[in-house]
Amino acid sequence: MKNENYDVLNVDDGRHVKMWTKGVPVEDVAKKQLANTAKMPFIYKHIAVMPDVHLGKGSTIGSVIPTLGAVIPAAVGVDIGCGMMAAKTTLTANDLPDNLSALRSAIERAIPHGMLPKTRSYRGRDEGSWNTPPAAVDVAWGQLKDEFDAICLKTPKLKTTNNYRHLGTLGSGNHFVEVCLDEVGFVWFMLHSGSRGVGNAIGTHFIELAKKDMRTHFINLPDQDLAYLAEGTQHYNDYIEAVSWAQKFARTNRDVMMHNLIAAVRTVITKPFETHVEAVNCHHNYVQKEHHFGKDVLITRKGAVSARPGELGIIPGSMGAKSFIVRGKGNPDSFNSCSHGAGRTMSRTEAKRRFTVDDQVKATEGVECRKDENVIDEIPMAYKDIDAVMHAQRDLVDVVHILKQVVCVKG
């Protein structure tokens, strides 16, 4: 069954799957995973699949999963609230220094990132955490603490996670901070991160609780990572409370990083500039209640962005490609969604096996960034063609700005 803009995967004994993947390869294992998810009895209407779709844990990354009466914690994942933030500035390309290494170094000092060895400590912290968080972190944590303390009364082990010390930090893997230029030469700041250690602990805890519930009630699943929490149960209520807080933490985390990023840039570029011109802060791993096709349902976006009519979002490419600021078209069949990026075509292990540092240097030519063996897993060739991804979802979003990075700090 085909449509002008999307393909349909029909699933025996399950809901059908609408896939915005025309012209973009989709792994057979990803299709199998989509079919397994579509067989869950609480899926509402259909599953929507974005063009960056690829194999994930339990459910594919790049999918929109509407549910009635249940939630799948592994579909939301452990990087709860992971997403993007971008801010346009009044600076132009001519205001940037010829050598961008000092700018990159200033950003690295201002934002804890990665898993740094203890010999590479920046301003009183190491291994991607604050030892003594700055004032901006204290202020932001003050807005999160009371709700977190209430959650910890129900789940005490969360108290000992990295929470306060991770607020305003980047993390590792595909998380990044970038300085970009748009199509007319304005400078943008962009970053990608989520709820860090505390979000991981929340996600892991409730994934295991869901699996335990399945065993207790003798519920067989096509994949154990599709274990779910039923609405009306204490575990469901506790999860919704905790995941909502983690999403708030993630958004605040990006706000704090952006604040520190702007301050760091001002130490290198002395020309006065503003950053309030345009800003976007959006999740792409999260769950929330929304109204679709006449019902209030839970929408889990696992590697997907909300694209309601007129809503701004961010779709990044790889560290050697371009990124897009987009405006949603509000396509109801996609549950008002679009892709969250280019999407991987191979695992990190395969990328490290296949490519070399020389390949990484060539692929990131013109970008001030790390070019060593520890970032080969993020090489642009490990990702899908962002132009093909954007073409496949042209009925989901309009492109507002095209950004090209000139500085990239990787976690």
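The values are calculated or read from the model by the stated rules, or taken from the named source; none is laboratory data. Since the model is a prediction, treat every value here as computed from it, not as a measurement. Counting neighbours? That spans all protein chains shown, and the Cβs are built from the backbone with ideal geometry, glycine included. Side chains included, ligands, DNA and RNA excluded: accessible areas come from the protein's heavy atoms. Shrake-Rupley method; radii C 1.70, N 1.55, O 1.52, S 1.80 Å.
Going by the conditions given, is Cys338 in contact with a strand residue (DSSP E or B) (Cβ under 8 Å, 6 or more places away or on another chain) and over 30 Å from Phe293 (Cα atoms)?
Answer is no for this residue.
Let me confirm something: among Asp223, Asp255, which residue is touching a residue at least 12 places away in the same chain (Cβ under 8 Å), surrounded by 15 or more Cβ atoms within 10 Å (Cβ to Cβ), among the acidic types (Asp, Glu) and under 30 Å from Pro97 (Cα atoms)?
After ruling out the rest, the residue left standing is Asp255.
Filter segment 16-29 down to the residues that are crowded, with 21+ Cβ neighbours inside 10 Å and under 26 Å from Gly69 (Cβ atoms) and list them by number.
Matches in segment 16-29: Val17, Lys18, Met19.
Can you tell me which of (1) part of a loop (DSSP other than H, G, I, E, B); (2) modelled with pLDDT of 95 or more is the one Gly317 doesn't meet?
(2)
So if I check each of Gly313, Gly343, which one is crowded, with 22+ Cβ neighbours inside 10 Å, out of contact with any Pro (no Cβ under 8 Å at 6 or more places or on another chain) and under 21 Å from Cys82 (Cα atoms)?
Every option except Gly313 fails the conditions.
Being open to solvent by 10 Å² or more (accessible area, probe 1.4 Å) and under 21 Å from Gly173 (Cα atoms) is the requirement here; does Asp385 meet it?
It is true that Asp385 is open to solvent by 10 Å² or more (accessible area, probe 1.4 Å) and under 21 Å from Gly173 (Cα atoms).
Being open to solvent by 10 Å² or more (accessible area, probe 1.4 Å), more than 22 Å from the chain's Cα centre (by Cα), of a type in the set (Val, Ile, Thr) and more than 22 Å from Glu183 (Cβ to Cβ) narrows it down to one of Thr267, Thr275, so name that one.
Only one candidate passes the filter, namely Thr267.
Report, by residue number, each residue of segment 288-310 that is among the basic types (Lys, Arg) and either outside any loop (DSSP other than H, G, I, E, B) or crowded, with 24+ Cβ neighbours inside 10 Å (or both).
Lys289, Lys295, Arg301, Lys302
Check whether at least one residue in segment 382-405 is part of a strand (DSSP E or B) and either without any contact (Cβ under 8 Å) to a residue 40 or more places away in the chain or charged (D, E, K, R) (or both), and report yes or no.
yes
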